[in-house]
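A short worksheet on the structure shown next.
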Amino acid sequence: MLVDEINRASAKTQSGLLECMQERRVTIDGTSHELARPFLVLATQNPIEFEGTYALPQAQLDRFMARISLGYPSAENEAAMLSEHLAGDRVLELSPVATVAEVVAAQEAISRIHASESLRRYIVALLEETRRDQRAELGASPRAGLMLLRAAVVEASLDGRDHVLPDDVQVLAHTVLAHRLAAGPRRARGRAGERSSPRH
């Protein structure tokens, strides 16, 4: 599912989307409907205009595996785009590049990629650093680690390997973690998710 300019969706719509992403189902008039598998949410967000927009809550941002900034195309690509769109609506020319069965088969193949215990502990160490960093108001969640591991597994698969390397984690860490972190002075007390020290 593609959600265009998700920050223009109302809070109620965003809540419904959160249910789709977390529970893999949607509720209409009190009745829940399971979503087809595989299911994927892609969303765009305009970072310039904020009038009439609703900031996504952190819980929803955390459901997105990665955030990618497209920026502007090169002059050559932009000129080619103008030329191609003169011929008509390119969306009408789109066609599937894979069947559902092929996507499911790819998911099953990726699930067999090996991630060692030391690699998993490396990811956890990265997460803990974001939580300790005094420049961060909010560190990476446990879900962030799971998403980073899954992304690294895919990176290893695309590179033709049957195991994950720290390099796979490093190349994707910014893309997977950046939108989950909140910069700002760390509060000394009452910070959500922070472990309280035992009292004697």
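Quick one: length gained pulling His174 to His114 fully straight, 0.36 nm per residue minus the C-alpha distance? If you can, show how the numbers build up before the last one.
Values: separation 60, 0.36 × 60 = 21.60 nm, distance 2.22 nm.
Full-extension gain reported as 19.4 nm.
In region 72-129, the portion of solvent-accessible area held by carbon and sulfur atoms comes to 60 percent [1.4 Å probe, whole percent, DNA, RNA and ligands not counted]. Toward the positive end of the charge dipole of the chain, with +1 on the Cβ of Lys and Arg and -1 on the Cβ of Asp and Glu, the farthest Cα among Ala125, Leu172, Ile110 is that of Ala125. Highest mean packing comes first when the peptides 141-154, 67-80 are listed by Cβ atoms within 10 Å, giving 141-154, 67-80. Between rounded, prolate and oblate, where does region 1-151 land on the alpha carbon gyration tensor, with a ≥ b ≥ c its root eigenvalues, rounded for a/c under 1.5, else prolate if a/b exceeds b/c? Rounded shape, in that the Cα axes give a/c under 1.5.
Short to long, the 5 Å bins of the Cα pair-distance histogram for region 118-191 hold 3, 17, 26, 21, 14, 9, 5, 3, 1, 0 percent of all pairs.
Between Asp167 and Glu76, the contour length at 0.36 nm per residue exceeds the Cα-Cα span by 29.6 nm.
Each listed q (0.23, 0.26 Å⁻¹) maps to a log10 I(q)/I(0) for region 77-123, found by the Debye formula over equal Cα scatterers with no solvent: -0.86, -0.94.
Computed extension gain for His85 through Val100, at 0.36 nm per residue and net of the alpha carbon distance, reaches 2.5 nm. Sorting Leu18, Leu42, Leu86 by accessible area puts them as Leu86, Leu42, Leu18; the probe is 1.4 Å, largest comes first, and only protein heavy atoms count.
Note that region 1-43 presents 68 Å² accessible area per residue, ligands and nucleic acids not counted, probe 1.4 Å.
The sum of -39500 (n - 2.57) across all DSSP H runs of n ≥ 4, divided by the residue count of the chain, sets its helix-only mean residue ellipticity at 222 nm to -13000 deg cm²/dmol.
Distance between the modelled labels on Ala59 and Glu129, one decimal in nanometres: 3.1 nm (7 Å Cα→Cβ projection).
At a 10 angstrom cut-off on C-beta neighbours, averaged per residue, how do the peptides 120-129, 169-178 rank from highest to lowest?
Values: 120-129: 14.4, 169-178: 16.7.
Sorting 120-129, 169-178 by mean packing, highest first, produces 169-178, 120-129.
The values are calculated or read from the model by the stated rules, or taken from the named source; none is laboratory data. Computed from a predicted model, the values in this text were never measured in an experiment. Ideal geometry is used to build each Cβ from the backbone, glycine not excepted, and the neighbour counts take in all protein chains shown. What goes into the accessible areas is simple: the full protein's heavy atoms, side chains included, and nothing from ligands, DNA or RNA. Shrake-Rupley method; radii C 1.70, N 1.55, O 1.52, S 1.80 Å.
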